[in-house]
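Readers should treat all values here as calculations from the given coordinates under stated rules, not as data from a laboratory. Computed from a predicted model, the values in this text were never measured in an experiment. Cβ sites come from the backbone with ideal geometry, for glycine too, and all protein chains shown count toward neighbours.
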Amino acid sequence: MKVTISDVARLAGVSTATVSHTINNTRYVSGGTREKVCQAIRQLGYTPDASARSFRTGKKKTIGFIVPDISNKFFGTIIESAENELSAQGYHLIIANTKENMEREEMNLRLLTAGLVDGLLIASTMDGFSRLEALIPAGFPVVLVDRTFENQTYPAVSVSNFQPIYRSVCRLVGRGKRRIGIVGGLPRLSTTRERIAAYRAAAADCGLPQDEELIVCGDSMENSAPPCLDRLLERGCDAILVCQGLMASVTIAYLRGKGLQPRRDLELVSFVDYDTRAYEFYYDQVDRIIQPVEELGKAAGEQILLRVEKPEAPAAERVLTSVYRPCGEES
């Protein structure tokens, strides 16, 4: 027989209303009473009826997160950090993986906004805001994560990498490098456009000739890095900036497989999108641009909760900043 809220209330010696307030955090419940209720829940193995709660409150206590590549630890770290923030407030998280495919994102948007979730976090792979906006019902709570659009109307949390990239290129020029190449992600993404814009600005300000052949883009997946590196090496680069973390993760091993060692044979600037010890052995050889990934996920969780709980709050954009750490500097 299914355990009911009345069974929990009877065992804890409280009213069903008190059990409900304890579970849903809808009213103050003293510490002692809360512990009695929680102990009764554990003893009976009670599972709250989510559908009934949703019917009463109009909320599912669930947030959807549309990500482009769930195998990328950058997004895995954001998901974990956002989920920690949401679960602390009694919310659950549903993940949808688009694999950088716009049609898959469209399908997931239609599904999740059809009554499954209270709000959406979106790291979009769309090529324009109008296409994204057309798929989302008016007034539906949305927060854009990492990737943004021109003329967007949704709040967003993102990371600015302009200054760290600008500084890294200038430092390379200061070391005497003249053929500086850059490997970007998907060209349609705001993150790729910002990073290449920073590279171009620094190259121009440092007096380097504008050579578009030194700018190559992959598909934001790690297996697209080697062909990009090959093209830049063929074009005589003496320094390479890999400004997408997943592609950067395979760069050092790939170069070493070709008999090339960073700092000795060419300068390398690598994005670090998550906490990893893989770079510890190369700290004296590689410049790093480190993104605040956990903070980004936490901010995303905070913002979507605000949109769900206070939909009348004005839309805002929060921009974090990555850190440029030249080779040899400790974390």
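Length gain on complete extension for the stretch S87 to A17, per 0.36 nm per residue less the alpha carbon to alpha carbon distance?
23.0 nm
Between segment 164-217 and segment 77-114, what's the alpha-carbon centroid distance in Å?
The two parts, judged by their Cα centres, are 33 Å apart.
Of P314, P137, P262, which is the most mobile in a GNM of the chain whose springs link Cα atoms less than 10 angstrom apart?
Among P314, P137, P262, the largest mean-square fluctuation in the Gaussian network model of the chain belongs to P314.
Round to the nearest 10 and give me the degree value, 0 to 90, for the angle of helix 162-174's Cα axis relative to the longest principal axis of the chain.
Computed tilt is about 20 degrees.
K60: which lysines have alpha carbons under 19 Å from its alpha carbon, excluding same-chain residues fewer than 8 sequence positions away?
Within the straight-line limit of under 19 Å, K60 reaches these lysines: K310.
If you take the Cα atoms of segment 180-331, find Rg, then find the Kirkwood Rh from the mean of 1/r over all pairs, what is Rg/Rh?
Answer for segment 180-331: 1.03.
Give me P(r) over the chain, computed from all C-alpha to C-alpha distances, binned every 20 Å, as integer percentages.
For the chain, the pair-distance distribution reads 29, 45, 21, 5.
What aspartates and glutamates does K36 reach when the alpha-carbon gap must be under 19 Å and sequence neighbours fewer than 8 apart in one chain are set aside?
Leaving aside aspartates and glutamates fewer than 8 places away in the same chain, those within reach of K36 are D7.
With +1 on each Lys and Arg Cβ and -1 on each Asp and Glu Cβ, and nothing else charged, work out how big the dipole of segment 160-217 is about its Cα centre, in Debye to the nearest 20. Don't skip to the end; give the middle numbers.
Values: 10 positive and 5 negative charges, 46 e Å.
Around 220 debye, computed over segment 160-217.
Taking only Cα atoms, what is the 0 to 90° angle, nearest 10, from helix 102-112's long axis to the longest principal axis of the chain?
Here the helix axis deviates by roughly 10 degrees.
Can you give the Rg to Rh ratio for segment 35-180, taking only C-alpha atoms and Rh from Kirkwood?
1.13
How would segment 154-241 be classified by its alpha-carbon gyration tensor: rounded, prolate or oblate, with rounded meaning a/c under 1.5 and the a/b versus b/c comparison settling the rest?
oblate
What are the lysines whose alpha-carbon lies under 17 Å from the alpha-carbon of K177, with same-chain residues fewer than 8 places away excluded?
none
Mean separation of Cα pairs under 8 Å and 6+ residues apart, divided by the residue count of segment 116-228: what relative contact order is that in percent?
Normalised by residue count, the contact order of segment 116-228 is 23 percent.
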